[in-house]
Amino acid sequence: MAKTKKKNKNWIIVVAVVLLISALVVPRFLRNKGNSYSEEVVKVGNIETYYTFSGNVESKNTQNVMAQKVMQISEVIFLEGDKIKKDEVLFITSQEEEIKSKIDGTLSKIYVQEDASVMAGANLCDIIDFDHLQITIKVDEYDLPSIEIGKEVSVTINALDKTLTGKISEISNTAINKNGVAYFTATLDLEEDAAVKVGMSAEAKILNESVKEVLIIPMSVLQFNELEQVYVLVKGDKGRPLEQVIKVGVNDGKNVEIIEGLT
């Protein structure tokens with residue numbers, strides 16, 4: 001009886017060892033046998049990276065015309081939608097006083113009618129300059145070195161799927177702190193385009209890094225070894241894959257610059 005138990009115990013140990021070896025060897029064998037590789041070729045190309053900011057289109061010049069005192073409007077000279085020149089008369093009061101525009105623009109809204117009496121501070125009309133548009137963007141304090149006054153920026157108007165050229169005209173000197181995050185504001189003047197309307201959302205792209213005529217490969221082929229070194233698989237003898245450690249540089253999320261390790 002004792003011999004039978006000992007024999008059974010030996011068989012259990014043997015089976016356990018066989019199963020352990022199988023667990024280690026078989027999957028590796030299957031992995032090696034079942035692997036298939038796609039081939040990528042090192043190319044010469046350019047890589048550019050950008051800072052991206054969002055904002056909304058607004059007018060560079062606006063005027064909210066208000067009554068400076070109690071008055072009666074005896075004459076309204078223009079209609080809504082009319083083009084206005086600076087210093088043109090907008091309203092005439094019962095006292096023969098003239099209320100003039102301070103900017104060039106379009107009379108977008110009239111709040112009073114002829115013979116209306118208004119109190120001091122009442123809105124009379126709004127004038128918006130639709131010919132000179134801009135967007136204001138928020139710039140993280142760490143991204144501030146990437147912008148400067150006069151720098152050209154690529155601006156995409158989302159609703160129109162159109163890209164315009166903008167130019168940085170103003171950068172705030174004081175940071176705004178919100179929820180523990182500091183940011184600055186920058187104003188971008190837009191090139192004139194009749195299709196662009198006030199209020200449209202826009203995205204500004206400012207060049208961060210740029211490399212030209214360098215070796216590049218897709219980022220999808222990169223792998224990391226136990227030493228956290230970047231490597232790719234290259235063909236060895238008889239087509240077997242070998243690890244080739246490389247040094248990489250700038251990447252745009254799709255392609256990466258090869259500095260060392262590949263030709």
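Give the carbon-plus-sulfur fraction of the accessible surface of the range 222-263 in %, rounded to a whole number; probe 1.4 Å, heavy atoms of protein chains only.
Ligands and nucleic acids excluded, carbon and sulfur reach 46 percent.
Amide H neighbours of Ile246 under 5 Å, counting only residues 5+ apart in sequence or on other chains, H built in-plane at 1.01 Å?
Val230, Tyr231, Val232
Expressed as an acute angle from 0 to 90° and rounded to the nearest 10, what is the orientation of the C-alpha long axis of helix 2-34 relative to the principal long axis of the chain?
Once rounded, the angle reads 50 degrees.
Tell me the per residue accessible area of the range 85-165 using a 1.4 Å probe; a whole number in Å² is fine.
58 Å²
Which option, (i) 72, 25, 16; (ii) 29, 22, 18; (iii) 31, 22, 16, is the value of semi-axes √(5λ) of the Cα gyration tensor in Å that was calculated from these coordinates?
Given (i) 72, 25, 16; (ii) 29, 22, 18; (iii) 31, 22, 16, the structure-derived one carries the label (i).
Within the range 173-228, report the GluC sites (Glu not before Pro) that DSSP leaves as loop and that have at most 14 other Cβ atoms within 10 Å.
Glu191, Glu192, Glu226, Glu228
Is there a pair in Lys102/Lys151; Lys138/Lys167; Lys83/Lys109; Lys109/Lys197; Lys212/Lys254; Lys162/Lys254 whose C-alpha atoms are over 18 Å apart, and which pairs would that be?
Over 18 Å apart, Cα to Cα: Lys102/Lys151; Lys162/Lys254.
Starting from the Cα of Glu148, step 7 Å along the direction of its Cβ; do the same at Thr93; then give the gap between the two resulting points in nm.
5.1 nm
The values are calculated or read from the model by the stated rules, or taken from the named source; none is laboratory data. It should be emphasised that the depicted structure is a prediction, and the values quoted were computed from it without experimental measurement. Ideal geometry is used to build each Cβ from the backbone, glycine not excepted, and the neighbour counts take in all protein chains shown. For accessibility, only protein heavy atoms count, side chains too; no ligands or nucleic acids. Shrake-Rupley method; radii C 1.70, N 1.55, O 1.52, S 1.80 Å.
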